[in-house]
Structure formats: C-alpha cells, structure tokens
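Notes to accompany the following structure.
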Amino acid sequence: MIHQRAEIAAAAARMVVQEAMPWGPAKRRAAKQLGLSDEGSLPDNTELEAAIFTYLSVFCADTQPAELRALRELAALWLARLADFRPHLTGAVWRGTATRQDDIHLHLYCDDGKSAEIDLLNKGIDYDVGRAPGPRGQVDCLSLSAHCTSLQQTVCLHLIILDTGDLRGALKADANGRTNQGDLAALTKLLAANMRHQPDTTT
C-alpha cells in the first residue's frame with residue numbers, strides 16, 4: 001500500500017507541475033493510469049506535496065526557484081496594494097511549489113465583502129467574479145490579470161473574499177511547523193531568507 005501511494009504521488013506530482021492540474025484530479029488520474037483505483041491507495045496532500053518538491057528538485061532545479069521568486073514578488077506587490085483587506089498569500093506560491101504556470105491566490109479578510117470589489121472598481125482594475133471554497137461553504141472569488149515583468153507574461157490572481165473572523169485559526173502551523181498562508185511581513189521574510197539561500201520554512 002505504501003509503495004502504491006508513492007507511485008501515485010510521483011505520477012500526480014508530474015501532472016501538477018507540468019499541467020498545473022489541481023491536486024485532487026491529479027491524484028485520481030494518476031491512480032487510474034497506474035491501474036490503482038482503490039481510494040485507500042491515494043496519497044494525502046502531505047505525501048503529494050513532498051513528491052512535488054522532489055519532482056521540482058530533479059526536473060526543474062534550473063528554472064523553478066527563479067519562477068517562484070518572480071511570483072512571490074508579484075504577490076508582495078498585491079499584498080501591499082490590498083493592505084486594507086488583511087491579505088494573505090496562500091496556495092503553491094506561498095508553499096513553494098509554484099512554477100510560472102501557477103496562479104497567485106490571496107485570501108482577503110473583509111468586514112464588508114463588497115469593499116474589495118469597490119476598491120478594485122475605484123482603481124480601474126477589471127476583474128471577474130466567481131466562487132471558491134471557503135471555511136463554511138462557497139465564497140466570492142475575484143479573478144484578475146497582472147503582468148509579471150520578471151517572467152514576461154500575464155499571471156492570474158484570485159482574490160478569495162473571507163470574513164474577518166475567518167482569520168482566527170487560519171495561521172495554525174501543521175505538524176512540520178509550516179502554515180498554509182502568510183501576510184506581507186511573512187512573505188518578505190521568506191524572500192529575504194531565499195536571497196541568503198536559507199531553507200524555505202513558510203513559518
């Protein structure tokens with residue numbers, strides 16, 4: 001069973017990195033391709049993330065660190081621009097598995113859910129409104145495009161609108177001492193640590 005989970009994780013990691021596939025579908029497709037359809041054989045997210053880091057270190061070591069830094073620097077600009085809404089970076093860009101194919105995901109903690117939309121409108125920024133999973137069901141997600149100078153491409157940003165109270169407990173660390181999101185100060189610390197070639201701990 002452990003061997004099967006590792007096989008699925010390795011195959012799914014390739015799909016996540018090469019195709020920017022969401023983790024759940026990647027695990028299921030990998031299992032199907034390997035003929036391992038038993039749900040119990042699917043790796044958990046911790047196992048998959050470890051496999052993604054391994055894949056990146058083997059196949060993307062020459063490109064991924066610079067791409068990740070470019071995305072984090074762009075995210076930092078938007079964290080500063082959206083400071084009124086207690087923004088936090090989350091997803092692959094925060095955790096350190098992102099490549100140039102990945103989008104940037106920000107959580108905004110708002111007293112008034114419409115205030116972020118009004119702010120974007122006042123700044124003349126075009127966006128689309130969609131839905132995304134939240135702590136208690138579906139929530140609004142504002143999606144927009146931003147140019148990344150370092151990558152010379154357009155990157156999609158997703159602003160997930162949450163209530164102010166949702167921030168409580170959101171920064172709880174996992175068993176490895178890593179969090180699922182961080183604010184501008186935490187991201188700035190990560191960027192500085194990477195410049196000194198220190199490990200990425202996302203704490």
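Quick notes on this one:
- Hits in the stretch 49-63 - residues which are part of a helix (DSSP H, G or I) and among the β-branched types (Val, Ile, Thr): Ile52, Thr54, Val58
- Some residue of the stretch 48-59 being more than 25 Å from Ala173 (Cβ to Cβ) and either surrounded by fewer than 20 Cβ atoms within 10 Å (Cβ to Cβ) or not assigned by TED's automatic domain parsing to the domain that holds Gln101 (or both): yes
Residues checked against (1) touching a strand residue (DSSP E or B) at 6+ places or on another chain (Cβ under 7 Å); (2) within 19 Å of Asp183 (Cα to Cα); (3) modelled with pLDDT of 95 or more:
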| residue | (1), (2), (3) |
| --- | --- |
| Leu56 | no, no, yes |
| Thr63 | no, no, yes |
| Glu73 | no, yes, yes |
| Trp78 | yes, yes, yes |
| Ala83 | no, yes, yes |
| His107 | yes, yes, yes |
| Ile118 | no, no, yes |
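- Inter-residue pairs, beta-carbon under 6 Å, first more than 18 Å from Gly91 (Cβ to Cβ) and in the stretch 146-172, second surrounded by fewer than 18 Cβ atoms within 10 Å (Cβ to Cβ), 6+ apart: His147/Thr154; Thr164/Asp111
- Arg72 assigned by TED's automatic domain parsing to the domain that holds Leu162 and surrounded by fewer than 20 Cβ atoms within 10 Å (Cβ to Cβ): no
- Any hit, the stretch 108-117, residues being in contact (Cβ under 8 Å) with a residue 60 or more places away in the chain and acidic (Asp, Glu): no
The values are calculated or read from the model by the stated rules, or taken from the named source; none is laboratory data. Remember, it's a predicted structure, so these values are computed and weren't measured experimentally. A quick note on method: Cβ atoms are made from the backbone with ideal geometry, for glycine too, and the neighbour counts reach across all protein chains shown.
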